[in-house]
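Contents: one structure, followed by commentary.
The values are calculated or read from the model by the stated rules, or taken from the named source; none is laboratory data. Everything quoted here is computed from the prediction, not taken from an experiment. Cβ sites come from the backbone with ideal geometry, for glycine too, and all protein chains shown count toward neighbours.
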Amino acid sequence: MVRTPLTPEERHRGERFGALLRAARGERSMTDVAAAAGISAETLRKIETGRAPTPAFFTIAALATALGVSLDALADTCAVPEPEAPADSAVHAA
């Protein structure tokens with residue numbers, strides 16, 4: 001299977017996600033968190049460093065559970081911001 005290249009926004013989102021996981025992990029070892037989530041420590045390392053910026057949903061859900069972080073918090077942190085509408089569009093909508 002050939003994966004399409006990631007956009008800069010997708011890479012940046014993966015880096016934000018990894019940073020959030022590292023912060024949530026705190027002093028816990030990578031091995032302990034990975035085991036609690038049912039994934040390998042290598043997979044967690046790749047996610048935390050942004051080398052695996054698009055993990056599967058069930059991997060994200062397992063990590064959220066293992067770290068005590070809500071999926072909503074993860075989504076809020078990692079969401080790509082909506083582009084802002086031009087300022088003059090509000091005038092035409094009125």
Checklist entry - Only one of these conditions is not met by GLU42: (1) surrounded by 13 or more Cβ atoms within 10 Å (Cβ to Cβ); (2) at pLDDT 95 or above. Which number is it? => result (1)
Checklist outcome for this item: Checked pairs for the stretch 1-27, first at negative phi, second in a helix (DSSP H, G or I) and polar (S, T, N, Q), C-beta under 7 Å and 6 or more apart or across chains, list as ARG16/THR77; LEU20/THR77
Item to check | Residue count, the stretch 60-76 (criterion: surrounded by 17 or more Cβ atoms within 10 Å (Cβ to Cβ) and closer than 27 Å to PRO5 by Cα) | outcome: 5
